Structures are given as C-alpha cells and as structure tokens.
Amino acid sequence: MKNGEDPVPNDGPDPPVRKIIHVDMDAFYASVEQRDDPALRGKPVAVGGSSRRGVVAAASYEARKFGVRSAMPSITAKRQCPDLIFVPPRFEVYRDISHQIRAIFRDYADEVEPLSLDEAYLDVSRDKAGLGSATATAKLIRRRIREETGLTASAGVSYNKFIAKLASDQNKPDGLTVIRPGEGAAFVQTLSIRRFHGIGPVTAAKMEGLGIFSGADLAAKDMAWLAENFGNSAAWLHNLARGIDHRRVKSNRPLKSLGGERTFFNDLITDTEIREALAHVCTVVWDRAAKKGARGRTVTLKLRYADFQTITRARTVPAPIVDGTALLAAGEAILAALLPTGQGIRLLGITLSKFEGEEDEEAAEAAPADLLSLL
C-alpha cells in the first residue's frame, strides 16, 4: 500500500463510506512509567500492587514476552517473570496525559469517541486539517503524540469502527495498518475469533466448541444457524464476519454503568465482614454516581472467591435508585442469597447501570463500565 494512500475514496457512493481512525497507546501506563524513570526502560515492568493480593493493571512489552498481562494476579505475574518490577499506579498522571492526547485528536476530528484513557475512535471523513487522506492524518497524529508526550501509539485506519480497532492491534507497538473498502472481509476472515472486539472469552469458547475458530469459520455459517446458536446476536455476528459495522463515532458516549470494586489483603470469611465491605464499596460508588447525577435501576454485585472463581448477580428495581441507602439495600438483597459462603471472598464489587433516559442499543454499541478500582 502506498504511503499517504487514502483507504476511502472521496467520491464514494451514497451514503458515503466513513473514514475512521482507531488510535491505541502502546502499553500506556507502563510506558509512562518507563518514560518518567529511565532506570525502568528496557526492563519488564508491571503497574499494580506487588502484594499477594495485588493485580497487574498494565504490563510493558518486555513483561508481556513472559506472558504477563493486565488483570493477572501479581503473584502469578512474578512467578512467570521473576525479574518483574512492580510500580504503583499514578492515575492522575495518566489522566493528564490522556487529556493532552485528546487535545491532539481534536485538531484533526470533530467526532472523537474515547474508549478509555489510552484509546479512541476518530471520524475523519471530513478532512478537518486538509491533509488529503485519513492515512496521512493518522501518521501526523502518531508523530505529534511521540513528539509532545514521548510515547508511542498504534493506529488502524479503515471504513468502520470494528475493522479500524482490529487494524490498530495488527502491528503493535508503534504501528500503522490501513484496511481499505473491499479488503475488510478478507482481513477479518484471517483473524482468530478471539481477536474480535465485542466477543468475550465465554462466547469465544462457545464458538470454538461449535468449530468456529476464525473469521472465515464464522462467515461460513448462515443466518439460520447463527440465530439457532446465538439468538439476537446472529445479525451482528453475520456482519462482523463480513467486515460490516454501521456504528457511528459518537463524541458523547452515554454512561452505561458506573461501579467500584475492592480486592482484600485477607479473605473475608464472616457474613459481618462481607456486609461491611459491601457497605464501604456502595458508599464510594454512590458518591461517584451522585456527582455525575446518575440514577440507575440495575445493581450488579461481583464476588471473587479465594479460588479465583468470579460470579456476578444483578437485580433491577422498578424506580431509579436515588440515594446510597437504596443502593446498599439492593446490594444486600443480592448478597443475602449468597451467604453464608463456603470459602473466603478476595474481591467485592458493585456496579450501577440502566440509567434514566438510557436507550436500548445493540450489544456492539455498549460502552465499557466506568469502573473504579478501590485497591
């Protein structure tokens, strides 16, 4: 593919094909720590707690070579990489850098949809900076991020969000991948089903049990078979296997859920300990919900047991929850059915969702939870 070649023609059919860039920072948290401490450069670094109750929030590429991944228990990460260096997270620093990067994005796109602190979609169908192509825009954005923050980013350029996100992961770190119209289906069908954004581990395992390991395997299944095995997700999966995604880049993504969770240094054993922990987490979550003016009707309780088995249970109430007392009451009602527990609790979380005014959308449209770790 020629440098500067635009993946989307300017005189495309009606409706016009979109020009989408997905930018994803490379090992963001860990890269910030390596940037700010030269002694960490070139070494395996994990951002997170190093205690036996700690969890890896992010891992450098040097650590990833040993199989260290985010959300991995720190004790497991250390076993896989004995020389692993743990550094505590500095979320305020990461947020400040994220705001700096988003300011760069807005020089090139009016429609910017952040997914998290370290990634975002940009709709550059309108050539705001007059650079002539989406590819040229992505190159300049990546160069400015490097020059202004000292960090690297990878980008995917394509005609829809799904493929742009897959493309950004194709040549990490510090890579750029362009997928033009007409190339999307072939690109998607070469990939493992576990690479598909929106297909989680449980669904992927189900697919593999049915003989679907790649995008090509999925594309070979007709709608009737997909509907029989995946219900309402059939049309969505049918489209993904063909590189089809009609979602727009949305600058103001609606808040879908808000929550918090806490990992405990020692397992909680007694009912009293567990209820006290629930009350603490509910207090923190409600404080955040109140500041955002968020009034939800669905409360989800998350428990992780001592053997790392994790369960979630949800309850939807008729009217929006209006105070912390109501949130705690809903959480206690869910918890009551799970007590007494046969083993200790190492993590407890509460999430509030189904907010007032929220419209139902496809599963692929769902925004990630605004989840605060209460380590």
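The values are calculated or read from the model by the stated rules, or taken from the named source; none is laboratory data. In this text the structure is predicted, and so the values were computed from the model without any measurement. Don't worry about glycine lacking a Cβ; one is built from the backbone with ideal geometry, like all the others, and counts go over all protein chains shown. Keep in mind that these areas ignore ligands, DNA and RNA; they rest on the heavy atoms of the full protein, side chains included. Shrake-Rupley method; radii C 1.70, N 1.55, O 1.52, S 1.80 Å.
A few points about this structure:
- Filtered residues of region 187-208 (kept if out of contact with any strand residue (DSSP E or B) (no Cβ under 7 Å at 6 or more places or on another chain), open to solvent by 20 Å² or more (accessible area, probe 1.4 Å) and in contact (Cβ under 8 Å) with a residue 40 or more places away in the chain): PHE187, GLY198
- When ALA58 is tested against (1) under 24 Å from ARG304 (Cα atoms); (2) part of a helix (DSSP H, G or I), only condition (2) is not met.
- Among the residues making up region 230-277, those that are open to solvent by less than 50 Å² (accessible area, probe 1.4 Å) and among the aromatic types (Phe, Trp, Tyr) are PHE230, TRP236, PHE264.
- Scanning region 116-133 for residues that are over 24 Å from the mean Cα position of the chain (by Cα) and touching a residue at least 40 places away in the same chain (Cβ under 8 Å), we see that the one that is nearest to HIS99 (Cα to Cα) is SER125.
- The helices (runs of 4 or more DSSP H) found wholly in region 210-260 and carrying at least 1 residues that are touching an Asp or Glu at 6+ places or on another chain (Cβ under 8 Å) and either within 30 Å of VAL281 (Cβ to Cβ) or of a type in the set (S, T, N, Q) (or both) occupy 234-240.
- So ARG275, is it in contact with a helix residue (DSSP H, G or I) (Cβ under 6 Å, 6 or more places away or on another chain) and of a type in the set (Lys, Arg): no
- ASP110 meets the conditions (1) under 21 Å from the mean Cα position of the chain (by Cα); (2) open to solvent by 40 Å² or more (accessible area, probe 1.4 Å) in every case but one. The failed one is (1).
- Within region 163-176, the set of residues being open to solvent by less than 10 Å² (accessible area, probe 1.4 Å) and in contact with a Lys or Arg (Cβ under 8 Å, 6 or more places away or on another chain) comprises just one member, LEU166.
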